[in-house]
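K.L.:
Please find one structure pasted underneath; my questions will follow.
The values are calculated or read from the model by the stated rules, or taken from the named source; none is laboratory data. Being a predicted model, the structure only gives us computed values, none of them experimental. Cβ sites come from the backbone with ideal geometry, for glycine too, and all protein chains shown count toward neighbours.
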Amino acid sequence: MADFNIRTDAVDVEQIMRQIRARIESKRGVDYTEQQIQELANVKLERFLNPKGVRSDLVDQFRRVRDVKLEPFQLEPELRTGFDAEMLYGTHRGILRAIRRLLNPILKLFFNPNTLIHAVHKQSGVNALFEAQFQFLRHKAQQRDEVDVLYYELVHNLVLELTRIGIENRNLKMRLESLSSRMDFDERRARALEGVVQYRPGTGPAREPQQPRPRSDERPAPPPPPSASAATQPVQVQPAQPGTTAEEQTGESNTARRRRRRRRGRRGGRSRTPGEAIAGGGAPTDVASPEDSGTPPHGDPTADAASNDTSDADFDDDPAGAGDDRDDSGEEPDPSAQ
Amino acid sequence: MKLAVVVQRYGADINGGAELHARYVAEHLSRHAAVDVLTTCARDYVTWRDDFPAGTEIVNDVPVRRFRVDQPRDPHVFGRWSEHVFNHSHSFLDELKWLSAEGPKSTSLLRHLHSADAGYDYVFFFSYRYYHSYHGTKAMPSRAILVPTAERDEAIGLALSPRIFRGVRALMYNSPEEKRLIQSVSNNHEVPAVVVGIGSDIPPRPQGERFRQKYGIEGRFALYVGRIDQNKGCKELFTFFLRGLDALPKGLQLVLIGKEMLPIPDHPRIRHLGFLDDQDKFDALAASDLLLMPSYYESLSMVALEAWALGKPVLANGKCEVLRGQCVRSRAGLYYETQAEFVETLRAISESRGLNAAFSANGREFFQRHYAWPVIEQKYLDILAQVKEQDARGISGSGMEPEPGWFARRRKDLRPANVVLADLPFGPVLN
């Protein structure tokens, strides 16, 4: 949380609230407007939904249920029958029907049965209409139930899918973070290495001849018991022996070279000493490999040698590398001895 | 000068907003004039059932006359009338029935006011929405001074309300927002008025450490003081707090003080201490990092003023215009309206030392300038002097308008209170 540097008399709460809201907005992006929400809500589901990925026949079934056409409702025949005077006065007993007819004029003296008959007739029509409506609604409700089941399943599948995507998204984020941190590390390493590459004036970048990979059976000699004198003994830089050609100097056994390279690798890229370089063939070889990246660029060879002495002395303390240290002192072993 | 304070409930242990407000005012005005408190025997604000004995008693050196309530409130009947007048077109008679249903209806109190009319120079009526305020103001408009304690609720949209606001001699508002709300609904600009609010007796040295030891609270905490109720915004507060736990300052707890009316989430970072006395309350404020005020409706938050007096920032619900206005004017608090704003404002107050220090200094200064008791008392005395001077010049106010006739009061031509309320201006008053 960034601190607010505010004088007591200059506090503007509304301004602070605007800052806070801007911060919230920058964190989560711009809020959707009401119109945008409506647009999102109106987008057809099928545009995003892959039926194969959700359930084999869910969307088809959904469409099928939606497309069911309702048959027109047929009213029952007895309901279709209206109401008339015949039904009011009618009976299967002939005498009774006759008496009723006879007394009908008297009945009409008291009230008008035609109005009643008319009203009941209309009522039967209304009943029929409501019956039809009821049937229609019942049908719709049944359909709705079926669709609801599908909706439930659809939502359930969507939730599952969302959860899966959420987990996958998180995994991908973690992988991305891991990769980016590794890439950062590599970049830093590359920059560090580029910074220590030696360039000799007039020689240009020269590549060391590629060495064959060391065989697995070429292991360093077992370390001798550590001796204090070896550790403290100053390293003597010896010139190349007269009478040996550069070919012979560089023609020392590949095994010894590989040993040295491997040893340097273990020492974290420590430099070759100038004496070593001289012993190896007169002019020091430009270093282009990471193994030699620890070499101080140029400078006084004596100082280099002295600094190398220290590193060698340190190395002597390492029992694992002590056996090879004699080679590293500048005294190249006799190739015939190998 | 003889004054009366009329309020629906009264007692040393009654801590409702308007009731406490009335008690503080009565006790402080009694240093300058003879003050009687006229109230009912009710303790329960839902039913107004008689709990105290009728008669006179002394509460903190102030004589209190209690009168019986005619009948307890029936919440169902009141609810039905409220629904009708708030949401439907209705008549003036319907509103009068709503007022009777709300209560507390005490005809003996009104009778006493009539009989003692000559005895009291001025009468302070607390809370405009109750039976005693309307009928008391109607009975003695020339001596009635109203402390409306109005909130943005539907009652202010009733046709009864503007009649009271226009009919009294003077008005003591709690906040500029309340003043604007009432002036908008009643157009009573000519009635003498002042924004005064309420003071508080702040102990000189509250002991935060004592509170921590007594209740075993360690670490930083945000404090809520008040009834733990959905109407006070506590449900939203719990939701925001629990949802934002990951983003909130590490270890920040929520400590609640007050009566539980709502289930409190069972979480190790939420502590409920129940109802505490004033000493513990002030100690808690002193120990807290900030005060939370989640309420949607407030006419004035006394506990917010107390927090400011102790140099504590306040985080208020921005949907309550009064609280938001107080935060802006005091320059001593922030407000929130959404979950994200709740988290960010809480973090800003808790983690920004510069902001916290500025809020603390501003809060103290704001309280001393506007809400210290000498300031409050002086405002009351000034308004009394103003109306007294008007009386001397023969200006005694226009009084309450006569009620509609038999037919007119039955005509259902009044707009629903909700509709009226929706037309009123909203938002903090920043000038």
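Per-residue answers, yes or no, for (1) in contact (Cβ under 8 Å) with a residue 40 or more places away in the chain; (2) within 14 Å of chain A (Cβ to nearest Cβ):
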{"site": "B:Ala284", "(1), (2)": "yes, no"}
{"site": "B:Ala287", "(1), (2)": "yes, no"}
{"site": "B:Val303", "(1), (2)": "yes, no"}
{"site": "B:Trp308", "(1), (2)": "yes, yes"}
{"site": "B:Leu334", "(1), (2)": "no, yes"}
{"site": "B:Glu341", "(1), (2)": "no, yes"}
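K.L.:
Can you list the helices (runs of 4 or more DSSP H) lying wholly within the stretch B:343-428 that have 3 or more residues being within 14 Å of chain A (Cβ to nearest Cβ) and either surrounded by 15 or more Cβ atoms within 10 Å (Cβ to Cβ) or at pLDDT 90 or above (or both)?
P.N.:
Details: elements: B:353-370, B:373-392, B:417-422.
Counting at least 3 such residues, we get B:353-370.
K.L.:
Still on this model: So, B:Leu242, is that one surrounded by fewer than 18 Cβ atoms within 10 Å (Cβ to Cβ) and part of a helix (DSSP H, G or I) or not?
P.N.:
Working: surrounded by fewer than 18 Cβ atoms within 10 Å (Cβ to Cβ): yes; part of a helix (DSSP H, G or I): yes.
Yes: the conditions hold for B:Leu242.
K.L.:
Further, regarding this structure: Condition first: assigned to a loop (DSSP other than H, G, I, E, B) and either closer than 17 Å to A:Phe134 by Cα or modelled with pLDDT of 75 or more (or both). Now tell me which residues in the stretch A:70-104 satisfy that. Quick ask: steps written out before the conclusion?
P.N.:
Step one: filter the stretch A:70-104 for residues assigned to a loop (DSSP other than H, G, I, E, B), giving A:70-76, A:81-84, A:90-93.
The answer is A:Leu70, A:Glu71, A:Pro72, A:Phe73, A:Gln74, A:Leu75, A:Glu76, A:Gly90, A:Thr91, A:His92, A:Arg93.
K.L.:
(1) touching a Phe, Trp or Tyr at 6+ places or on another chain (Cβ under 9 Å); (2) over 20 Å from B:Ala22 (Cβ atoms): which one isn't true of B:Arg80, the others all being true?
P.N.:
Only one criterion in (1) touching a Phe, Trp or Tyr at 6+ places or on another chain (Cβ under 9 Å); (2) over 20 Å from B:Ala22 (Cβ atoms) is unmet by B:Arg80, namely (1).
K.L.:
Which residues, taken from the stretch B:96-127, are in contact (Cβ under 8 Å) with a residue 40 or more places away in the chain, among the hydrophobic types (A, V, I, L, M, F, W, C) and either within 25 Å of B:Thr47 (Cα to Cα) or not in a loop (DSSP other than H, G, I, E, B) (or both)?
P.N.:
Scanning the stretch B:96-127 gives B:Leu96, B:Trp98, B:Leu99, B:Leu109, B:Leu113, B:Val123, B:Phe124, B:Phe125, B:Phe126.
K.L.:
Just to be sure, is B:Lys235 at pLDDT 90 or above and not in a strand (DSSP E or B)? Write out each step before concluding.
P.N.:
Details: at pLDDT 90 or above: yes; not in a strand (DSSP E or B): yes.
Yes, satisfied.
K.L.:
While we're looking at this one, here's another question. Inside the stretch B:289-343, can you point out the residues that are of a type in the set (Val, Ile, Thr) and within 21 Å of B:Leu254 (Cβ to Cβ)? Walk me through it before giving the result.
P.N.:
Within the stretch B:289-343, the subset of a type in the set (Val, Ile, Thr) is B:303, B:314, B:322, B:328, B:338, B:343.
Within the stretch B:289-343, B:Val303, B:Val314, B:Thr338, B:Val343 meet the criteria.
K.L.:
Any idea which of B:Lys235, B:Lys179 is among the charged types (D, E, K, R), closer than 30 Å to B:Tyr122 by Cα and in contact (Cβ under 8 Å) with a residue 12 or more places away in the chain? Full working, then the answer.
P.N.:
Details: B:Lys235 fails: closer than 30 Å to B:Tyr122 by Cα.
Step by step, each of B:Lys235, B:Lys179 is checked, and only B:Lys179 is among the charged types (D, E, K, R), closer than 30 Å to B:Tyr122 by Cα and in contact (Cβ under 8 Å) with a residue 12 or more places away in the chain.
K.L.:
Sticking with this structure for a sec: When the residues of the stretch B:74-95 are narrowed to those that are touching a residue at least 60 places away in the same chain (Cβ under 8 Å) and not polar (S, T, N, Q), which ends up surrounded by the fewest Cβ atoms within 10 Å (Cβ to Cβ)? Before the answer, list the steps.
P.N.:
Within the stretch B:74-95, the first condition is being touching a residue at least 60 places away in the same chain (Cβ under 8 Å), and the residues that meet it are B:82, B:85-95.
Then keep just the ones that are not polar (S, T, N, Q); that gives B:85-86, B:88, B:90, B:92-95.
On the way: B:Val85: 27, B:Phe86: 20, B:His88: 15, B:His90: 23, B:Phe92: 21, B:Leu93: 17, B:Asp94: 20, B:Glu95: 23.
In this case the residue turns out to be B:His88.
K.L.:
Also, I was wondering about something else. Going residue by residue through the stretch B:207-219, is there one that turns out to be buried (at least 21 other Cβ atoms within 10 Å of the Cβ) and not in a loop (DSSP other than H, G, I, E, B)? Can you show your working first?
P.N.:
Residues of the stretch B:207-219 buried (at least 21 other Cβ atoms within 10 Å of the Cβ): B:211.
Subset that is not in a loop (DSSP other than H, G, I, E, B): B:211.
Checked the stretch B:207-219: at least one residue is buried (at least 21 other Cβ atoms within 10 Å of the Cβ) and not in a loop (DSSP other than H, G, I, E, B).
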